Amino acid sequence: MRVKNINVINNWTKGQKSRSHTGNLSTDGVFLFSYNLVIGWTNASGEKVVTLYTAPNNGFKSMTTSRHVGYAKREANSSELPLGAEMTKSSIEVMAG
């Protein structure tokens, strides 16, 4: 089901799959994606963590991704700076085997 961006974020916090009306923001309930970039994830304790892909954190990707990060930051339990390699949908699929 396609929903508003804020509903995608709320569904991520509940562990539910969701996709925005444009398809640019989505979640499988564990990971939160802006386009194909992982901007949020669920840690082993079930807490939601957002990666700060925004200009002030030297992680700017696009205005849309920055907007998605802003929405997610308000609902996440914690945040982290973008460090190391980026995670994408395809890299998660490779790790899952």
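Extent of segment 35-87 along its three principal axes (Cα atoms, max minus min coordinate, largest first): 30, 23, 20 Å. Using C-alpha pairs below 8 Å separated by at least 6 residues, the relative contact order for the chain is 21 percent. A helix-only calculation puts the chain at -9000 deg cm²/dmol for mean residue ellipticity at 222 nm, using -39500 (n - 2.57) for each DSSP H run of at least four residues, averaged over all residues. With each label modelled as a point 7 angstrom along the Cα→C-beta vector, the N57-L83 pair spans 1.2 nm. With neighbour counts taken as other beta-carbon atoms within 10 Å, the residues T54, T88, T27 rank, fewest first, as T88, T54, T27. Note on the chain: Cα-only Rg and Dmax are 12.2, 35 Å.
Averaging the Cα positions of each part gives two centres, and for segment 53-84 and segment 1-37 these lie 15 Å apart. Bridges between two residues of the chain, per DSSP, are antiparallel at a rate of about 70%.
Values in this text are rule-based calculations from the coordinates and carry no lab data. What you see is a predicted model, and the numbers here were worked out from it, not measured in a lab. Because the Cβ atoms are built from the backbone with ideal geometry, glycine has one as well, and the counts that use them run over all protein chains shown.
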